[in-house]
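Data first, discussion second: the structure below is written as C-alpha cells.
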Amino acid sequence: MIREPRFTDDLSDLPTHKFGPSSLTWWGIIGFMLIEGAAFALAFAAYFFLMGHEQGWPPEGRQAPNVLAGTLFTLLILLSEIPNTIVKEAARKADVPTVRAVMPMIVAIGAVLLIIRVFEFNSLNVRWTDDAYGSIIWALLVLHTTHILTDWIDTIVLWLLMRTRLAYEGRRLVDVDENALYWRYVWLTWIPVYLMIYWVPRL
Amino acid sequence: MSSRFRASCLAAAVLVAVLVACDREERRSRSKPIGENVPAGATPDTIYAGGGPGPALDPRAALYDNNAPAIADGQQLYMRMNCVGCHSHGGGGMGPALMDDEWRYGGRIDQVASTIAEGRPNGMPAWRGRLTDDQIWKLAAYVRTLSGQPSKDSVASRADAMSAGAPQTLTPREPAHTSDSAQQ
Amino acid sequence: MTSRRAAAASLPLLLCACQYQTYQSALGDAGVEDRQFLILFWIFFAICAAMYALVIAFLVAAIVRRRRAGNANVVESGRHHESHPLMRTGLVCWTVLVSTGLAALAIASFIADRSMAKAAAREQLSITVTANQWWWDVRYNSSDPSKTLRTANELHLPVGVPVRIQLRSNDVIHSFWVPSLAGKQDLIPGRDTDVTIVPKRTGIFRGQCAEFCGVQHAHMALVVNVVSYGDFVRWWEHQLQPAATPRMPLAQAGYNYVTQRECAMCHTIAGTPASGRVGPDLTHLASRRSLAAGTTPMGKGNLYGWVADPQSMKPGSKMPTVGLEPDELHAVVAYLETLK
Amino acid sequence: MSDAIRRSDLLEGWRRRAGANEAERRAHEEEERRLAELRKKIARDGPKLKGAKLEARLMRSWERPRGIVGWLATVDHKEIGRRYIVTALVFLALGGLLAVLMRLQLSRPDNNLIGAARFNELFTMHGTTMMFLFAVPVMEGVAVYIIPLMLGTRSTAFPRLNAFSYFMYLFGGLLLWGAFALNIAPDVGWFAYTPLSGPQFSPGKRSDIWAQMVTFTEVSALSAAVVLVTTILKCRAPGMTLARMPLFAWAMLVVGVMIIFSMPSVALASSMLISDRLVGTHFFNQWEHGDALLWQHLFWFFGHPEVYIIFLPATGFVSVICETFCRRPVFGYPVVVLALVSTGILAFGLWVHHMFATGLPRVGYSFYTAASMTVAIPTGLQIFCWLATMWDGRPRFQVPMLYVVGFIVTFVIGGLTGVIIASVPLDLQLHDTYFIVAHFHYVLIGGAVFPLLGILTYWFPKITGRMMSEGLGKITFWMIFLGFQLAFFPMHIAGLSGMPRRVYTYPAGLGLELPNLLSSIGGLVVATAVLLFVINGVVSLYRGAVAPDNPWDAASLEWAARSPPPPYNFAHIPVVASRTPLWDEKGELPVVTGLRVDDKEMLTTTVVAATPEMREPLPAASLWPLIAALATAVLFISSIFSPWAVAVGAVPVAIALIAWFWPKEIKREPEPVIT
C-alpha cells in the first residue's frame, strides 16, 4: 500500500521557465552539440588519418581549393555573431520588440551564407569521386552545411513564432536564447573546418 | 473474409517483393552449364544485315541482366581477361568505346554475349571455348553497365581501383540503340 | 559449486585438447613463435586461474557465512549503513593484489613480444604469399630469377630456418594463420605486412584464413610441410622443373584441352602455353596434398569431382563449371594427374 | 494559492524587465512574504486536494487519449519502456533462433545443412541483431521505464524525443529483418570490414541495408542517451544529491555519456561506407589514397565502448539486486561509482586491441595491452564490492539473487580470458578464433544477460503488478546457467585447437568434433531455458500472484509507487534524505507539493544538490514523433537507392519536426490548480 504522505514543502512559487543550465532544453541542446561535436572530431581525425600516409597534401596532381569564397563565408559568419548576441541578450531581457527587429537580419545572413556556400563547393578544385582527399573535404563541407541549413530553418521558424502572441511566453524566449547559443556552436565548428579545407593543403 | 482477403494481398505483395529481390541479389553458383547454342538469330550476319524486327530475347538474359552478383563477377573478369587492353575502362582505345550508347552489333545482353562469344571483324577475338558461357554472360551483363543500361540498384559505384570517371550509380540510364537504328 | 564443476570440467577438456593431433592447433608447439605463445599462455592461465579461485572462495565464504553469523549489518538490525571493518582492509589488499597481478602479466607479455621481434630479425628465406578469394598464391623469392618458384596453397619449409613471409592481398582482407607454427597476420590490400616463422620440428601443419573474406572463407586453407633442409632443396629443384609433356594418348588429349581451352585462361602450367595468372599455378598440382585450397584431399576421385563441377564442391568459388563432355573430363583428369 | 501562482508568473516577467520600478519591487516583496506563509501553512496541514480526489484529477490530466491513436501517440515513459523491452526481447528470440541454426550446422564436421552464403547471412544477422537490436535497446528500455520511478519523478525529460527514439529503433529492426525475409540480408559480418563490404566485393544492396540499419539504431540510441542523461541530472527528487543517487542511475549516466561520444563514430563510418557504395567516394579505396583500416579504426572506436555500454547497465542491475536481497546498501558506494566512471573513460582507449593482427607498429600495441588490462581493475573492484555486500549482509537466494551469483561465476571467467587476449602475443594466436567467441559470450551473456534476466524478474511485479513464478524461475536459472557453460566453455578448446570464427563448416580430424557437438547441445539447452523464461513471464502476466507495491521490501523510490504505477507515477513528489529512503523513512513518506494537477508538470532540481528549481510543463501525447520517425525512415531507406532521396526526403522530415516542436499555448484558464 502507498505510505501516507508527510508534506514538507510547497513549491508552487517555482518559476515555469529559466534561462541557461536550469532549463531542460538547454541540456538537450548541449547533448546534441556534444554528439555532433564528436562526429566533427572524428571526421577531423579521419582527415588527418588519410593525410597521414600521403607524401603531399593535397595528393600530387591536385591543387588546393581557392580561398576567396571560403574566406568571405568565414568573415560573414563571424560578423553574424553581433546580431546573434543582440537577440540573445534581448531574449533574456524579455525585450520582444528587439528580438522581432533583429531576427530577420540573422535569417537574411543565413541565406547569404548558404549562397556563398554554393560557390565554396565550386572552388574546391576536386570532386568527391576523384580521390579520398576529395571525398573527405567534400564530406567536411557537407557536414557543416547541414548544420547551417538546419539552424537557418530553425531560426526562420522561431522568427515566425516570435511574430505571434506566443512571443510573450517566457519559454519561447528561452528557445530564442538557446537557438542563439546553437548558432555560436555552428560558427565555432566552422573555424577548424575552414582551416582544414583551405589552409592545411597550403602548408 | 475481408481479413483473409487482406492477408492474401499481403502475402502476394511479399511474394512479389521476394521475387524482385531474388532477381537482383540472388547469387547463382550454377553447377549445370547453360546450353551451348548461340541465341537464335543473333549471329554476326543477321545483326550486320540489320533490318527487320530483332530476334526474340534469349531467356538466359533474365538470369544475368540486372543481377548484381553477376555484374560484379563480370567486372572482375573484365579486368582479369584484360578487356581493358583494348576497350580501356569503357572509354575505348584499340577497340570501340563501351560507355556510349552506340552498339554496332546490338546492345541487348544476348547480342553483347554473342559478340563476346563469336568475336567480330577488325580484332574482337571469339571467346567461346576460352570462357565458359556463364562467364561470357556475366561479362555481357557488366559491359552493359558501362553505358548505364541496367538498373542503378544492381551496379557498383566504383571498383577498388584507380578512379575511372563518374560512378555508374550516378550516370543517366540510357536506352541502347544500334548504329543502324533498325535494331531494338 | 557449479563454478568448481566448470573449473574441474575444464582441466580434462584442456588435456584432451592437448592430445589432439597438432595438425592445426595453437597447442601444436611446432614453431619458435608458437612455443613462446604456449609458455606465455600457461603463465597467464595459471595466474588467472588463481584469481578466479580467489573470487570463488570469497563467494563461497559469503554464502556460507550468512548461515552462521547472527544479525549482520543489515536493515533488520538497523546497522545497514555500517560495514564490517575487515572489508575496508580487504578492499585495499584486493586492489593491490589485482594490480600487481596485472602488472606482472603485462610485463611478461611485453617481454615475450620483444623476444618474438628479435626472432623475426634474422631471416634466411623469403617467401611472398598473396591471398585471393579463396586461395593462396605462393612465390619463393631468390636472388637468381631462374630459381624463383611459383606454386599455390602449399608451403614447404626447411626445419629450423627462419622464414620471412611477405603478405599481400589481391582483393579483400585475409589473415595468414598456421597455428602450430606462429600467430596470425592480416593480408591487407594496398599494405605490405609480413610474418616470420621458425619451424621447430618436421611435419605437416594446416593453416587457414582467419579473417572473414567472403562466401568461401571456410575453404581457404593451406598446407605447410616442414621438412629437413636437404629434402627442402630437393623439393625446390623438383618444383622448378617445367611440367612433363605426357606420353599416354588420353593424357595427350587432356594436355591439348587444358592448354588451348578455358583452363589456360586462368591457370599457368610451366613449360606449356597455359599462362593465366587468375587462378592457382598447376605446374605440379598432383604433387600437392589438397585440392582447391584445402577443400578436399588430392586424389583421382576428387579431381574428377572438382573439374567436373567445382560449384557444387565449393559453391561461389571463382572456378567456373566448364561443362566438359565425359571424354574431355577423362582426358583432363588424366593429364592433371601427370603434373607430379 | 492559485492566484498566487498567476501573480508569480507575472512577477517573473517584471523581474526580467530592466528598471522594474519601485511599486513593482514592493509588490514583489510582499508577494514573497505571502507565499512564505502559505508554504508554512501547507507544510503543516497539507494541500486542499488529497487522496482519491487528487489521484482522479491527476489521472484526467496525465492519461493519454484512448484508442489506437492514443496508443501510437503516447509519451508515457512506462509505455515506451515496456515497448522497448518487449521489442528487444523479440529480437533476442530471433537472434537466438539464428544461433541455434548455426549450432546445428556446426554440430558435425563437413555438414551441409546450411550453405556457405546463407550461413554468412546467419552470423551477420545474429551479431547485428544481438548488438544493435537487443543488447543496447533492452538496457535503454529498462532505464527509460525505471529511471524516472527510481528518481522519484513523473516522467523522463523530452518525452516526445523518447517516443521518437523507440520508433526509430523499431523501424531499424524492421528494415533489417524485412531484408532478411526478402533474401537480401547483409552477409559481411556485424563488423562489415571494408573492402569486403565495399562496392566491388558486396554487390547489390545487402551492405547498404546493414549500414542504414546502423544509422537507425544510432539515431535511436543517441536520442535515448540525451533523454536519460538529462533526466538523471535534472529530474531527481528533492534531496537526492548525486551522492545519494541509486547505483543503477549512476551506471546509466555513465552509459549515456559513453553513447554520446562513441556512437557518432559508427554513424560516421556507415555514412562513409554508404557514400563509397552509392556515390563513389574513395574513403576506403587504397588505390585512390583511401585506406581500408580507416574503417576498422572508426568501427572499433565505437565497437569497444559498445561492449561497456551493454555491460555497465548490467552492473547497475547487479548493484540493485545485491542491495535488496542482501538487505544492506552495496558496500563501497564511492568505489563503485569511481569504478563506473573510470571504466567509461578507459573504454575509449582500447579500440586498437581489436586490430593487433593488422600489423600496426608493435610498440604502439604495448600501450593498448596495458590499457586493456587496466580496465580489469575497476571491474575487479566492483566484483569485490558485491561480494563484500553479500558477505556483510544476509543474502536471500531468490531468483534475482541466483542470477547475480551466476553472473559472478560466469562473468569473471570472461573477464579473465579478456585479460589473456589483451596480450599481443596471445591475441595473435587467439584473435578471430572460437576462443574469442567464448570470451565475449561469457562477458555479454554472463555479464549482461544473466543480470538482465535477474532484473526483469525483480521489476516484473512493478511493471505488471504480478509476481513471476519462483519455482519455474529457479528451474530456468539452473538450465540457462549450466546450459550456457556447456555451450560456451568448449569453445575455448575449439579456438585453441585452431577453429577460426565465421566458418560455415570445418573438416573432420582437427579435433573439433567433440567441442562443437557439446556446444551445440548446450546451445539447445539455453534456447529451451529462454523459452521457459518467456513462458513464465506470459503465464505470470495473467495467472501470477498479485504483487504488493514493495514485494521485495526494497529501499529505492520506484517501490514507493503503486504496482503497476499510474501515468503520473507519484501523487506527490517524494523527498529523499539518504541512499536507501524506503528503509530509513519509517512510517510516512516525506513529500513536497506545489505542482499543477490540471496540466502535466514535473519538478526539475539542481544538478548536484537536487534542490527544487523549476516546474517544467510537459508536452501532451502526440502523433508527430511517430510521423517524424516515419519520414526519417523513408529518407534513410530510399537513400540506399538514390542520393537525391536525401534532399527530397528531408522536406517531410523538416515539416514533421516543425509541427512536433510548435508550442501549444500554455493553458490560461482562470484557476490553474496547484497541489
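Could you list, in sequence order, the residues of region D:549-573 that are among the charged types (D, E, K, R) and within 23 Å of the chain's Cα centre (by Cα)? Break it down stepwise before answering.
Applying the first criterion (among the charged types (D, E, K, R)) to region D:549-573 yields D:549, D:553, D:558, D:562.
Passing the criteria: only D:E558.
So for region A:67-88 (the condition being part of a loop (DSSP other than H, G, I, E, B) and at pLDDT 95 or above), does at least one residue qualify?
Within region A:67-88, the subset part of a loop (DSSP other than H, G, I, E, B) is A:80.
The next check asks that each one be at pLDDT 95 or above; those that pass are A:80.
Yes: one or more hits.
This table checks each residue for (1) at pLDDT 95 or above; (2) buried (at least 17 other Cβ atoms within 10 Å of the Cβ).
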position: A:L140; (1), (2): yes, yes
position: A:L143; (1), (2): yes, yes
position: A:W152; (1), (2): yes, yes
position: A:L161; (1), (2): no, yes
position: A:T164; (1), (2): no, no
position: A:A167; (1), (2): no, yes
position: A:V174; (1), (2): no, yes
position: A:R184; (1), (2): yes, no
position: A:L188; (1), (2): yes, no
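Of all residues in region D:203-255, count the ones that are within 20 Å of A:I35 (Cα to Cα) and either part of a loop (DSSP other than H, G, I, E, B) or among the aliphatic types (A, V, I, L, M) (or both).
Selection size over region D:203-255: 19.
So, in region C:109-132, of the ones that are within 8 Å of chain D (Cβ to nearest Cβ) and touching a residue at least 12 places away in the same chain (Cβ under 8 Å), which residue ends up surrounded by the most Cβ atoms within 10 Å (Cβ to Cβ)? Break it down into steps so the answer makes sense when it comes.
Of all residues in region C:109-132, those within 8 Å of chain D (Cβ to nearest Cβ) come to C:109-110, C:112-113, C:116-117.
Within this subset, residues satisfying the condition of being touching a residue at least 12 places away in the same chain (Cβ under 8 Å) are C:109, C:112, C:116.
On the way: C:S109: 26, C:A112: 21, C:M116: 21.
By that ranking, first place goes to C:S109.
Which residues, counting only those in region C:88-108, are touching a residue at least 60 places away in the same chain (Cβ under 8 Å) and facing chain D (nearest Cβ under 7 Å)?
As a first pass, look at region C:88-108 and keep what is touching a residue at least 60 places away in the same chain (Cβ under 8 Å): C:105, C:108.
Residue satisfying the conditions is C:L105 alone.
Please pick out the residue among D:P507, D:P490 that is within 12 Å of another protein chain (Cβ to nearest Cβ), in a helix (DSSP H, G or I) and either buried (at least 17 other Cβ atoms within 10 Å of the Cβ) or over 27 Å from the mean Cα position of the chain (by Cα) (or both).
Numbers: D:P507 fails: in a helix (DSSP H, G or I).
Selected residue: D:P490, the only one of D:P507, D:P490 that is within 12 Å of another protein chain (Cβ to nearest Cβ), in a helix (DSSP H, G or I) and either buried (at least 17 other Cβ atoms within 10 Å of the Cβ) or over 27 Å from the mean Cα position of the chain (by Cα) (or both).
Considering each of D:A659, D:A645, D:A628, D:A654 in turn, give the residue that is crowded, with 16+ Cβ neighbours inside 10 Å, touching a helix residue (DSSP H, G or I) at 6+ places or on another chain (Cβ under 7 Å) and touching a residue at least 12 places away in the same chain (Cβ under 8 Å).
Numbers: D:A659 fails: crowded, with 16+ Cβ neighbours inside 10 Å; D:A645 fails: touching a residue at least 12 places away in the same chain (Cβ under 8 Å); D:A654 fails: touching a residue at least 12 places away in the same chain (Cβ under 8 Å).
Going through D:A659, D:A645, D:A628, D:A654 in turn, the sole match is D:A628.
Would you confirm whether any residue within region D:297-312 is more than 20 Å from the chain's Cα centre (by Cα) and surrounded by fewer than 24 Cβ atoms within 10 Å (Cβ to Cβ)?
Yes: one or more hits.
Restricting to region D:297-329, name every residue that is in contact with a helix residue (DSSP H, G or I) (Cβ under 7 Å, 6 or more places away or on another chain) and facing chain C (nearest Cβ under 10 Å).
Those that are in contact with a helix residue (DSSP H, G or I) (Cβ under 7 Å, 6 or more places away or on another chain) and facing chain C (nearest Cβ under 10 Å): D:C326, D:R327, D:R328, D:P329.
Which condition from (1) within 22 Å of A:D154 (Cβ to Cβ); (2) more than 9 Å from every other protein chain (Cβ to nearest Cβ); (3) in contact (Cβ under 8 Å) with a residue 40 or more places away in the chain is the one that A:G37 breaks?
(2)
I need the full set of residues from region D:37-50 which are exposed (fewer than 12 other Cβ atoms within 10 Å of the Cβ) and at pLDDT 65 or above, in order please. If you could, list the steps in order and put the result at the bottom.
Pass one, region D:37-50, residues exposed (fewer than 12 other Cβ atoms within 10 Å of the Cβ): D:37, D:40, D:44-45.
Result: D:E37, D:K40.
Looking at D:G359 and the list (1) of a type in the set (G, A, S); (2) within 9 Å of chain C (Cβ to nearest Cβ); (3) surrounded by 23 or more Cβ atoms within 10 Å (Cβ to Cβ); (4) touching a Ser or Thr at 6+ places or on another chain (Cβ under 9 Å), which single condition is not satisfied?
(3)
May I ask you to list the residues in region C:269-321 that are β-branched (V, I, T) and either out of contact with any Asp or Glu (no Cβ under 6 Å at 6 or more places or on another chain) or closer than 18 Å to C:G214 by Cα (or both)?
Keep residues of region C:269-321 that are β-branched (V, I, T), which gives C:269, C:272, C:278, C:283, C:295-296, C:307, C:321.
Hits for region C:269-321 are C:I269, C:T272, C:V278, C:T283, C:T295, C:T296, C:V307.
For region D:349-366, give me each residue that is free of Cβ contacts under 8 Å to residues at least 40 places away in the same chain and among the β-branched types (V, I, T).
Listed by number, the list holds a single entry, D:V363.
Among the aromatic types (F, W, Y) and either in the same structural domain as C:F176 (by TED's automatic domain parsing) or outside any helix (DSSP H, G or I) (or both), is that true of C:W94? Lay out the reasoning, then the answer.
Working: among the aromatic types (F, W, Y): yes; either in the same structural domain as C:F176 (by TED's automatic domain parsing) or outside any helix (DSSP H, G or I) (or both): no.
Judged against the criteria, C:W94 is not a match.
Residue under question is A:P97, and the condition is that it be in contact (Cβ under 8 Å) with a residue 40 or more places away in the chain and either within 14 Å of chain D (Cβ to nearest Cβ) or over 22 Å from the mean Cα position of the chain (by Cα) (or both); does it hold? Walk me through it before giving the result.
Details: in contact (Cβ under 8 Å) with a residue 40 or more places away in the chain: no; either within 14 Å of chain D (Cβ to nearest Cβ) or over 22 Å from the mean Cα position of the chain (by Cα) (or both): yes.
Judged against the criteria, A:P97 is not a match.
So is C:E82 at pLDDT below 95, closer than 30 Å to D:V404 by Cα and not in a helix (DSSP H, G or I) or not? Let's see the steps before the verdict.
On the way: at pLDDT below 95: yes; closer than 30 Å to D:V404 by Cα: yes; not in a helix (DSSP H, G or I): yes.
So C:E82 fits the description; yes.
Kindly list the number of the only condition in (1) free of Cβ contacts under 8 Å to residues at least 12 places away in the same chain; (2) over 28 Å from C:G190 (Cα atoms) that fails for B:P150.
(1)
Being of a type in the set (A, V, I, L, M, F, W, C) and assigned to a loop (DSSP other than H, G, I, E, B) is the filter here; which residues of region D:563-601 pass it? It would help to see each step written out before you state the result.
Here is the first cut: in region D:563-601, the residues of a type in the set (A, V, I, L, M, F, W, C) are D:570-571, D:573, D:575-577, D:582-583, D:589, D:591-592, D:595, D:597.
Hits for region D:563-601 are D:F570, D:A571, D:V575, D:V576, D:A577, D:L595, D:V597.
Exactly one condition in (1) on the phi > 0 side of the Ramachandran plot; (2) more than 9 Å from every other protein chain (Cβ to nearest Cβ) is false for D:A529; which is it?
All conditions are met except number (1).
What single numbered condition from (1) assigned to a helix (DSSP H, G or I); (2) within 29 Å of D:D432 (Cα to Cα); (3) among the aliphatic types (A, V, I, L, M) fails to hold for D:I147?
All conditions pass for D:I147, except number (2).
Pick out, from region C:166-280, the strands (runs of 3 or more DSSP E) lying fully within it that include 2 or more residues that are among the hydrophobic types (A, V, I, L, M, F, W, C).
On the way: elements: C:174-176, C:185-187, C:193-197, C:203-208, C:221-227.
Where strands (runs of 3 or more DSSP E) fall fully within region C:166-280 and carry at least 2 residues being among the hydrophobic types (A, V, I, L, M, F, W, C), they are C:193-197, C:203-208, C:221-227.
Determine whether region C:236-244 contains at least one residue that is among the aromatic types (F, W, Y), out of contact with any Phe, Trp or Tyr (no Cβ under 8 Å at 6 or more places or on another chain), away from chain D (no Cβ under 14 Å) and within 19 Å of C:H156 (Cβ to Cβ).
So the first thing to find is which residues in region C:236-244 are among the aromatic types (F, W, Y), and the list is C:236.
Cutting the leftovers down to out of contact with any Phe, Trp or Tyr (no Cβ under 8 Å at 6 or more places or on another chain) gives us none.
Checking region C:236-244: not a single residue is among the aromatic types (F, W, Y), out of contact with any Phe, Trp or Tyr (no Cβ under 8 Å at 6 or more places or on another chain), away from chain D (no Cβ under 14 Å) and within 19 Å of C:H156 (Cβ to Cβ).
Would you confirm whether or not region C:170-191 contains a residue that is more than 13 Å from every other protein chain (Cβ to nearest Cβ), surrounded by fewer than 21 Cβ atoms within 10 Å (Cβ to Cβ) and farther than 21 Å from C:V278 by Cβ?
no
Against the definition (farther than 26 Å from D:N120 by Cβ and within 14 Å of chain C (Cβ to nearest Cβ)), how does D:H289 come out, yes or no? Write out each step before concluding.
Numbers: farther than 26 Å from D:N120 by Cβ: yes; within 14 Å of chain C (Cβ to nearest Cβ): yes.
Yes: the conditions hold for D:H289.
Taking the stated definitions as given, is A:F48 at the interface with chain D (Cβ under 7 Å from one of its Cβ atoms) and modelled with pLDDT of 90 or more? Break it down into steps so the answer makes sense when it comes.
Values: at the interface with chain D (Cβ under 7 Å from one of its Cβ atoms): no; modelled with pLDDT of 90 or more: yes.
So A:F48 fails the test.
Filter region D:106-130 down to the residues that are under 28 Å from D:E306 (Cβ atoms) and either touching a Ser or Thr at 6+ places or on another chain (Cβ under 7 Å) or not assigned by TED's automatic domain parsing to the domain that holds D:V307 (or both) and list them by number.
Residue satisfying the conditions is D:L106 alone.
For D:L294, are the conditions met, namely being away from chain C (no Cβ under 14 Å), assigned to a helix (DSSP H, G or I) and not acidic (D, E)?
No: the conditions fail for D:L294.
The values are calculated or read from the model by the stated rules, or taken from the named source; none is laboratory data. Here the structure is a predicted model, which means the values were calculated and not measured. When we count neighbours, we look across all protein chains shown, and the Cβ atoms used for this are built from the backbone with ideal geometry, even at glycine.
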